[in-house]
1. Using the crude model of +1 on Lys and Arg Cβ and -1 on Asp and Glu Cβ, and no other charge, please compute the dipole size for the chain relative to its Cα centre, in debye to 20.
2. Show me the ranking of peptides 45-54, 59-68 by mean Cβ neighbours inside 10 Å, starting with the highest.
3. If you project the alpha carbons of region 61-114 onto the principal axes, what extent comes out on each, in Å, largest first?
4. Treat each spin label as a single point 7 Å out from the Cα along the C-beta direction, and report the GLU68 to ARG15 distance in nm.
5. Over region 38-124, calculate the relative contact order: mean separation of alpha carbon pairs under 8 Å at least 6 apart, over the residue count, as a percent.
6. How many nm separate the modelled label positions at VAL97 and TRP44, each set 7 Å beyond the Cα in the direction of the Cβ?
7. Using 0.36 nm per residue of separation minus the Cα-Cα distance, give me the extension gain between TRP106 and GLN88 in nm, one decimal.
8. Please state, to two decimals, what the Cα-based radius of gyration of region 7-57 comes to when divided by 2.2 N^0.38 Å (N = residues).
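The numbers here are math on the coordinates, done by the rules we state, and not lab data. In this text the structure is predicted, and so the values were computed from the model without any measurement. Here the Cβ positions follow ideal geometry from the backbone for every residue, glycine too, while neighbour counts run over all protein chains shown.
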Amino acid sequence: MLPAEWIPHRRPDDREHVGWIRPEGDAWVAVSLLGRELTGPVGWLEAEEALDGLSLAWLADVWMLEREDAPPLRVRLVEVTPDGVVVQTDDFGAIDVPVERYDLPWPPPPTLRPRRPGDPDGRVLSL
């Protein structure tokens with residue numbers, strides 16, 4: 001659940017919601033849509049600048065969902081809200097392939113992470 005003291009922040013040029021600014025003592029912390037801290041304690045203007053500089057392109061990126069006893073799973077973000085995060089297996093843009101959806105809490109656990117070099121790409125079969 002989103003803490004009441006978190007203040008939504010929208011980019012000034014397009015009014016797109018890009019995160020929150022939360023108080024920490026006499027300072028402020030910029031927080032992403034995934035609930036992850038983007039800055040440490042800084043001044044209000046620095047927190048705004050950190051959020052204003054964000055692109056939302058990361059929402060369309062490939063992510064990895066790490067699992068116990070299995071290789072990481074290549075996923076895409078479907079929904080990101082303070083009520084939860086929904087990811088689904090990557091369909092590589094096809095509309096006729098089955099996908100699996102996973103409901104995660106918000107903020108998501110560290111097992112949901114951006115793709116790194118060396119992660120399975122989903123296009124190479126291991127025999």
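1. Dipole about the Cα centre, nearest 20: 260 debye.
2. Details: 45-54: 17.0, 59-68: 13.8.
Answer by packing, highest mean first, reads 45-54, 59-68.
3. Cα spread of region 61-114 along its principal axes, largest to smallest: 30, 27, 17 Å.
4. 4.7 nm
5. Details: 113 pairs, mean separation 21.5, N = 87.
The value is 25 percent.
6. 4.8 nm
7. 4.9 nm
8. Compactness ratio reported: 1.01.
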